[in-house]
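Here the structure is laid out as structure tokens; the discussion comes afterwards.
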Amino acid sequence: MSRLLVTGGAGFIGSNFVHYVLANTDNTVTVLDKLTYAGNLASLEGLPADRFRFVRGDVADAPLVDELFAEHDTVVHYAAESHNDNSLANPRPFLDTNLIGTYTLLEAARTHDIRFHHISTDEVYGDLELDDPSKFTEQTPYNPSSPYSSTKAGSDLLVRAWVRSFGVKATISNCSNNYGPYQHVEKFIPRQITNVLRGERPKLYGRGENVRDWIHANDHSSAVLTILEKGRIGETYLIGADGEKNNKEVVELILTILGRSADDYDHVVDRPGHDLRYAIDSTRLRTELGWQPEFSDFEAGLADTIAWYRDNEGWWAPQKDATEAKYAAQGQ
Ligand code: NAD
Ligand code: TDX
């Protein structure tokens with residue numbers, strides 16, 4: 001691996017991965033990103049110009065993808081429509097990017113015989129009951145709930161079929177909920193942090209008892225790099241850092257860290273079909289590939305993330321009004 005093509009590298013997790021790779025390896029990186037509402041070139045500032053290039057374009061643009069694949073030896077595919085609430089309001093872009101986009105990349109991977117890593121989510125497995133002690137493993141049956149997660153499940157199945165039928169050299173990872181810098185303010189943690197920073201109240205869907213398994217974006221990046229270096233072709237690896245928290249606990253922590261009263265939030269209308277609990281068992285990745293997360297203290301990682309949003313208002317302020325207007329129209 002030396003010439004990496006990263007799709008969706010101007011988004012939250014992709015940009016964290018690009019910073020991580022350029023800081024920790026000698027690889028060169030090209031980002032292919034459409035710059036939808038979720039892409040932000042400001043997330044890619046400060047990278048070494050001799051090892052980094054940005055190309056604006058769509059992963060479903062076959063001629064462009066073909067041209068770029070010819071110039072690289074490894075592809076990491078982050079590009080996606082990624083927000084469940086948007087997928088409930090308008091599913092179509094999710095089909096275009098997550099399914100047709102992934103299909104377009106797989107066809108190019110087949111033509112160019114290139115190493116391909118597909119980034120996916122634990123949401124493909126559906127949800128667990130709140131009182132169920134079990135976690136998702138690589139053997140859990142697919143059972144997605146939302147238009148978003150069903151298109152991600154479909155994209156995973158396309159990757160598996162292209163491995164089996166056409167010998168594409170692909171791996172897949174399914175990660176739990178990420179937090180960290182450069183995450184769009186539509187998502188739970190940045191929305192609540194920036195609400196509090198603006199003097200507004202956090203908004204908790206329903207009773208706030210839903211559980212998410214939080215991992216810092218840097219740990220997701222180190223796991224992906226480990227899979228690229230040591231993963232077995234055709235395999236799926238679950239990525240998680242044992243970070244289960246319910247949403248109410250997270251909001252209370254954000255309020256407390258920012259010096260506000262822990263009960264200073266609103267309950268708003270629940271998300272339709274809201275998944276109850278996600279939890280990842282990442283034993284395979286840890287034992288077979290020797291990966292370990294670095295951010296084991298969620299409260300410390302959250303405090304760092306809060307500090308980043310406090311110091312980088314210029315990055316998120318332009319997204320905030322339009323995002324809140326969209327939520328207000330949904331009663332959220
Ligand atoms: P994001 O919405 O922040 O970023 C997505 C990026 O993809 C944006 O830069 C956008 O411009 C780009 N993009 C969208 N459509 C495109 C297209 N057609 N062509 C090229 N670029 C396009 O998303 P994220 O939260 O960083 O998620 C990245 C990936 O990680 C996704 O595949 C997502 O399913 C997966 N994932 C996310 C999480 C999470 O907690 N956010 C957890 C597990 C897996
Ligand atoms: O304002 C809010 N209030 C609230 O209570 C928002 C935006 C969310 N929530 C809840 C819904 C979820 O239970 O917080 C939890 C997290 O919500 P999101 O940030 O929207 O994430 P989620 O739906 O869990 O999906 C995320 O993790 C898996 C990513 O957005 C996906 O891309 C990834 O696949």
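The values are calculated or read from the model by the stated rules, or taken from the named source; none is laboratory data. Model, not experiment: these values are computed from the prediction. Methodologically, a virtual Cβ is constructed for each residue, glycine included, from the backbone with ideal geometry; neighbour enumeration extends over all protein chains shown. With ligands, DNA and RNA removed, areas are computed over all heavy atoms of the protein, side chains included. Shrake-Rupley method; radii C 1.70, N 1.55, O 1.52, S 1.80 Å.
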key: Tally of residues being open to solvent by 10 Å² or more (accessible area, probe 1.4 Å), more than 25 Å from His83 (Cβ to Cβ) and out of contact with any Leu (no Cβ under 8 Å at 6 or more places or on another chain) across segment 109-137   = 7
inquiry  = Considering only residues that are within 11 Å of ligand 2 (Cβ to nearest atom) and part of a loop (DSSP other than H, G, I, E, B), which ones fall in segment 257-278?
reply    = Tyr265, Val269, Asp270, Arg271, Gly273, His274, Asp275, Leu276, Tyr278
task = Could you tell me whether Pro144 is crowded, with 21+ Cβ neighbours inside 10 Å and touching a helix residue (DSSP H, G or I) at 6+ places or on another chain (Cβ under 9 Å)?
result = no
request  = Those residues that are open to solvent by 10 Å² or more (accessible area, probe 1.4 Å), of a type in the set (Gly, Ala, Ser) and within 14 Å of ligand 2 (Cβ to nearest atom), I need them from segment 9-26; list them, please.
outcome  = Gly11
message = Taking the criterion of being under 22 Å from Val29 (Cα atoms), of a type outside the set (D, E, K, R) and either touching a His at 6+ places or on another chain (Cβ under 6 Å) or modelled with pLDDT of 95 or more (or both), would at least one residue in segment 86-96 satisfy it?
response = no
ask   = Just a yes or no: is a residue in segment 224-244 assigned to a strand (DSSP E or B), modelled with pLDDT of 95 or more, open to solvent by 30 Å² or more (accessible area, probe 1.4 Å) and on the phi < 0 side of the Ramachandran plot?
value = yes
query = Given the residues Gly208, Gly199, which is the only one that is outside any helix (DSSP H, G or I) and open to solvent by 40 Å² or more (accessible area, probe 1.4 Å)?
reply = Gly199
Any hit, segment 151-160, residues being among the acidic types (Asp, Glu) and within 22 Å of Leu88 (Cα to Cα) = yes
message = Need pairs with beta-carbon distance below 8 Å; first residue away from ligand 2 (no atom under 12 Å from the Cβ) and within segment 171-187, second among the charged types (D, E, K, R) and open to solvent by less than 20 Å² (accessible area, probe 1.4 Å); sequence gap 6+ or separate chains.
response = Ile172/Asp156
note = By residue number, the members of segment 295-310 that are farther than 15 Å from Asn195 by Cα and open to solvent by 50 Å² or more (accessible area, probe 1.4 Å) are Phe295, Ser296, Asp297, Glu299, Asp304
query = Got a sec? Which of Leu158, Leu88, Leu105, Leu99 is buried (at least 22 other Cβ atoms within 10 Å of the Cβ) and in a helix (DSSP H, G or I)?
reply = Leu105
ask   = Across segment 323-332, what is the number of residues that are part of a helix (DSSP H, G or I) and open to solvent by 70 Å² or more (accessible area, probe 1.4 Å)?
value = 3
ask   = Can you name every residue in segment 41-78 that is under 22 Å from Ser222 (Cα atoms), open to solvent by 20 Å² or more (accessible area, probe 1.4 Å) and within 9 Å of ligand 1 (Cβ to nearest atom)?
value = Tyr78
inquiry  = From the list Val65, Val29, Val75, exactly one residue is away from ligand 2 (no atom under 14 Å from the Cβ), under 25 Å from Ser149 (Cα atoms), under 19 Å from the mean Cα position of the chain (by Cα) and among the aliphatic types (A, V, I, L, M). Which is it?
reply    = Val75
